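Trainee: Shown below is the structure under consideration.
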Amino acid sequence: VQLQACGGGLVQAGGSMRLSCAASRRTWDTDLMAWFRQTPGKEREFAASITSSGITSYADSVKGRITISRDNAKNTVNLQMNSLKPEDTAVYYCAAGNFARKDYYYWGQGTLVTVSS
């Protein structure tokens, strides 16, 4: 399975941005899709996830500002980010895995989001 992310770029603080990620196919090990993010010198951190049935989970740092959604028919997952802050600046990665095993098997190439103050 290949994950192709798009979106990202430069946005001012308080602005919005939408990221999308398309999976090349849907299998038993892509029922959980998520977005992670990483800033230089820090470990990759979880941002949000969604199951194929629509169960979502968010990191406390983004809760209320970010919405994850997916289109199972198109094998895509989206991340709508609002009220962006400079600390949201990071490389965002989409990931796919298995909900029951709580593990991610596939990763996208990452897309940079820069929030200017």
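The values are calculated or read from the model by the stated rules, or taken from the named source; none is laboratory data. Quick caveat: nothing in here was measured; it's all calculated off a predicted structure. As a convention, Cβ positions derive from the backbone with ideal geometry for all residues, glycine included, and neighbour counts pool all protein chains shown.
Trainee: Looking only at strands (runs of 3 or more DSSP E) that fall completely inside the stretch 11-62, which ones have 3 or more residues that are within 15 Å of Trp107 (Cβ to Cβ)?
Mentor: Filter on the stretch 11-62 gives 17-23, 32-38, 45-51.
Trainee: Let me ask you something else. Do you know which of the residues in the stretch 64-82 that are in a loop (DSSP other than H, G, I, E, B) and exposed (fewer than 13 other Cβ atoms within 10 Å of the Cβ) is modelled with the highest pLDDT?
Mentor: Here is the first cut: in the stretch 64-82, the ones in a loop (DSSP other than H, G, I, E, B) are 64-65, 72-75, 82.
Now narrow it down to the ones that are exposed (fewer than 13 other Cβ atoms within 10 Å of the Cβ): 64, 73-74.
Working: Gly64: 96, Ala73: 90, Lys74: 90.
Top of the filtered list is Gly64.
Trainee: Collect the residues in the stretch 29-60 that are under 25 Å from Ser116 (Cα atoms) and either in contact (Cβ under 8 Å) with a residue 12 or more places away in the chain or buried (at least 22 other Cβ atoms within 10 Å of the Cβ) (or both), keeping them in residue-number order.
Mentor: Taking the stretch 29-60 as the starting set, the residues that turn out to be under 25 Å from Ser116 (Cα atoms) are 34-48, 58-60.
Scanning the stretch 29-60 gives Ala34, Trp35, Phe36, Arg37, Gln38, Thr39, Arg44, Glu45, Phe46, Ala47, Ala48, Ala59.
Trainee: Find the residue count for the stretch 7-36, including only residues that are of a type outside the set (A, V, I, L, M) and under 18 Å from Met81 (Cβ atoms). First the steps, then the outcome.
Mentor: First pass over the stretch 7-36, keeping only residues of a type outside the set (A, V, I, L, M): 7-9, 12, 14-16, 18, 20-21, 24-31, 35-36.
Now restrict to residues that are under 18 Å from Met81 (Cβ atoms): 7-9, 12, 14-16, 18, 20-21, 35-36.
Result for the stretch 7-36: 12.
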